[in-house]
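Student: Input: one structure, supplied below.
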Amino acid sequence: LSDVEVLCEDALHYANSLYKNAVTQAYKQLSEKVPLLYKAFYDGSDISDLDKSLDSNLVWAKLERPFFKDLGQFVRETDPDVIVCVQQIPSRLLQLLEKEDQVSKPQYVVITDVIAHSTWINYGVDGYFLPNALSASLLVQRGVNPDILHVTGIPVKLEITTPKTQEETRSRHRLPSDRPIVTLFGGGLNPKRIRTMVESLLEMPMSLMLIVVAGRNEKLTDALEDLTSTELVQLRELGLIDYVDDLVVASDLIITKAGGLITSEILARGTPMVIVDPIPGQEEQNADVIAAAGAGVQLRLLEMVAPAVQYLLERPDRLQEMRQASQKLGHPRAALDIAEQILSDLEERSPSQLPLNPTPSYTS
């Protein structure tokens, strides 16, 4: 793929600031403050009838079009050979941009939720890349042409295709080799709830290291400031780091929310998960798929996190089964498989008219 030029753009970068702020704040406020209302909206907007869902998405595109006047100009000036969308908004807008800006390019959609909501489905899409066979089956039941459905997994960073061992990653980051390591990714979780979990984990009657990654969540860092290691449990608190993949490999168990990207990265490495506090809607579905496959457990009661961690760490055979299930569900090569499929489609379309340096444009 060395002769392919890739441009990655955020569609919201070309949106009116009023629209951009409204959309991002609405999602944040609804999902965090009133999750049941968000769930009702998410479920209620999932239309099972294919024609109705296509028409509904087209109506949304017409309403949003005035806020994205610069997007059509960008597509026209860039003149990509392929357009790949990893979010619903640019995909549905392209239905209108093709008519107004006279751009007719192959369009692909990479679905980054384990179950495809109807808002992902639009007119003019040449191919959908899906996280799993279940999602493909559900789209076929809705009436989508199975010939344009490709099960590739959710794309993750290519670093994850590089073999790593637990021993070398622990040594690289000065982590102990004589005890289990449990990593809690808390960047998107409620600080008070994480503190409750960490306090319980610190009281566990077994030797282990607990790593808490706060990321950009400064409130979490403050919430854990006075907690320290115990005689048996070593505590290490981390902020924003650039070695998430190393920690996933080094860990025996990961505690996390059910975001599509982080869970895909963990699955691709085959590390078992304990999933907590999924956002109602797509994250609940992500958690259900992982738990049903045996790659993780989903817990609603925070009081059960420490007992579940102890139960799993004391049963190596159970952890090994979870690792195997995780590896079966994970797709470390998803990004490469998607790119290869798109280039293969281009060659089949018109081999003699292909440019020497095809330029896919990835939008999100």
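Student: So for the range 28-161, averaging the separation of alpha carbon pairs under 8 Å that are six or more residues apart and normalising by length, what relative contact order in percent results?
Tutor: Computed value for the range 28-161: 22 percent relative contact order.
Student: If the cut-off is a Cα-Cα distance under 18 Å, which aspartates and glutamates reach K164, setting aside same-chain residues fewer than 8 apart in sequence?
Tutor: List returned: D242, D245, D246, D252, E265.
Student: Okay, helix-only estimate at 222 nm for the chain: each DSSP H run of n ≥ 4 adds -39500 (n - 2.57), divide by all residues, round to 500 deg cm²/dmol; what do you get?
Tutor: Rounded to the nearest 500, the figure is -14000 deg cm²/dmol.
Student: Find the percent of Cα-Cα distances in the range 1-120 that exceed 26 Å, and round it to a whole number. Intermediate values should be presented prior to the final figure.
Tutor: Numbers: 1765 of 7140 pairs.
Percentage above 26 Å: 25.
Student: Quick one: what are the phi-derived ³J(HN,Hα) couplings along the range 237-251, Karplus 6.51/-1.76/1.60 with θ = phi - 60°, whole Hz, x for glycine and proline?
Tutor: For the range 237-251, the Karplus-derived couplings read 9, 10, x, 7, 10, 10, 10, 4, 4, 4, 5, 4, 5, 6, 8 Hz, x marking Gly and Pro.
Student: So what's the range 11-53 giving for Rg/Rh, alpha carbon basis, Kirkwood Rh from the mean inverse pair distance?
Tutor: 1.10
Student: Continuing with this model, one more query. List the relative contact order of the range 1-99 as a percent without decimals, with contacts defined as Cα pairs under 8 Å and 6+ residues apart. Spell out each step's value before the answer.
Tutor: Details: 38 pairs, mean separation 37.4, N = 99.
Normalised by residue count, the contact order of the range 1-99 is 38 percent.
Student: Let me ask you something else. Starting at the first residue of the range 208-213, write each ³J(HN,Hα) from the Karplus equation 6.51 cos²θ - 1.76 cosθ + 1.60 with θ = phi - 60°, in whole Hz, x for Gly and Pro.
Tutor: My calculation for the range 208-213 gives 6, 10, 10, 10, 10, 9 Hz in order.
Student: For V151, which sequence-distant residues (separation of 5 or more, or a different chain) have an amide H within less than 5 Å of its own amide H, given hydrogens modelled in the peptide plane?
Tutor: L130
Student: Arrange the residues D317, D288 by how much accessible surface each exposes, largest first, with a 1.4 angstrom probe.
Tutor: From most exposed to least exposed: D317, D288.
Student: Between A133 and R300, what's the calculated FRET efficiency when r is the beta-carbon distance and R0 is 30 Å? Round to 0.05. Let's see the in-between values first.
Tutor: Values: r = 27 Å, r/R0 = 0.91.
About 0.65, to the nearest 0.05.
Student: Explain nothing, just the number: dipole magnitude of the range 76-194 about its Cα centre with +1 on each Lys and Arg Cβ and -1 on each Asp and Glu Cβ, in debye rounded to the nearest 20.
Tutor: Computed about the Cα centre, the dipole is about 780 debye.
Student: Now a separate question. Provide the per-residue ³J(HN,Hα) series for the range 70-82, in order, calculated from phi with Karplus coefficients 6.51, -1.76, 1.60 and θ = phi - 60°, each as a whole number of Hz, with x at glycine and proline positions.
Tutor: 7, 5, x, 5, 4, 5, 5, 6, 6, 6, x, 7, 9
Student: While we're here: Quick one: pull the percent of accessible area on the chain belonging to carbon and sulfur, 1.4 Å probe, ligands and nucleic acids left out.
Tutor: The C+S portion of the solvent-accessible surface of the chain is 52 percent.
Student: Which whole number in µm²/s is D for the range 33-180 by Stokes-Einstein, with the Kirkwood Rh taken over Cα pairs at 10 °C and 1.306 mPa s?
Tutor: 89 µm²/s
Student: Whose amide H sits under 5 Å from the amide H of V156, counting only residues 5 or more places off or on another chain, with H placed in the peptide plane?
Tutor: A334, A335
Student: Reported to two decimal places, what Rg/Rh ratio describes the chain when computed on Cα atoms with Rh from the Kirkwood expression?
Tutor: 0.99
Student: Using only alpha carbon pairs under 8 Å that are at least six residues apart, calculate the relative contact order of the range 208-364 and give it in whole percent. Provide the component values of the computation, followed by the final result.
Tutor: Numbers: 180 pairs, mean separation 28.7, N = 157.
For the range 208-364, the relative contact order is 18 percent.
Student: For all pairs of alpha-carbon atoms in the range 209-364, what percent lies in each bin of width 5 Å, listed from the first bin to the last filled one?
Tutor: 2, 8, 14, 17, 18, 13, 9, 6, 5, 4, 2, 2, 1, 0
Student: Rank-order 64-70, 206-212, 111-117 by packing density, defined as the average count of other C-beta atoms within 10 Å over each peptide's residues, highest first.
Tutor: Working: 64-70: 15.9, 206-212: 19.3, 111-117: 22.6.
Output ranking for 64-70, 206-212, 111-117: 111-117, 206-212, 64-70.
Student: Run the numbers for L7 and T165: contour at 0.36 nm per residue of separation, minus the present Cα-Cα distance, in nm.
Tutor: So the extension gain works out to 53.6 nm.
Student: Additional query: Could you point to the residue in N21, W120, L232 farthest towards the positive end of the chain's charge dipole, with +1 and -1 charges on the Cβ of Lys/Arg and Asp/Glu respectively?
Tutor: L232
Student: In addition: For a 23 Å ceiling on Cα separation, which of these pairs sit above it: K28/K192; K20/K62; K33/K69; K33/K192? Spell out each step's value before the answer.
Tutor: On the way: K28/K192 18 Å; K20/K62 16 Å; K33/K69 32 Å; K33/K192 14 Å.
The answer is K33/K69.
Student: Quick query: amide H of V82 versus all other amide H atoms, modeled in the peptide plane; which residues come in under 5 Å with a sequence gap of 5 or more or a different chain?
Tutor: T359, S361
Student: Only Lys, Arg, Asp and Glu count, each charged at its Cβ (+1, +1, -1, -1), so figure out the dipole size of the chain about its Cα centre, rounded to 20 debye.
Tutor: The dipole of the chain has a size of about 660 debye.
Student: For the range 101-154, what D do you get in µm² per second when you plug the Kirkwood radius from alpha-carbon pairs into Stokes-Einstein at 10 °C and 1.306 mPa s?
Tutor: Approximately 140 µm²/s, per Stokes-Einstein.
Student: Round to the nearest 10 and give me the degree value, 0 to 90, for the angle of helix 334-349's Cα axis relative to the longest principal axis of the chain.
Tutor: It works out to around 20 degrees.
The values are calculated or read from the model by the stated rules, or taken from the named source; none is laboratory data. Just so you know, these numbers come straight off a predicted model, no measurement behind them. Methodologically, a virtual Cβ is constructed for each residue, glycine included, from the backbone with ideal geometry; neighbour enumeration extends over all protein chains shown. Heavy atoms of the whole protein, side chains included, go into the accessibility calculation; ligands, DNA and RNA do not. Shrake-Rupley method; radii C 1.70, N 1.55, O 1.52, S 1.80 Å.
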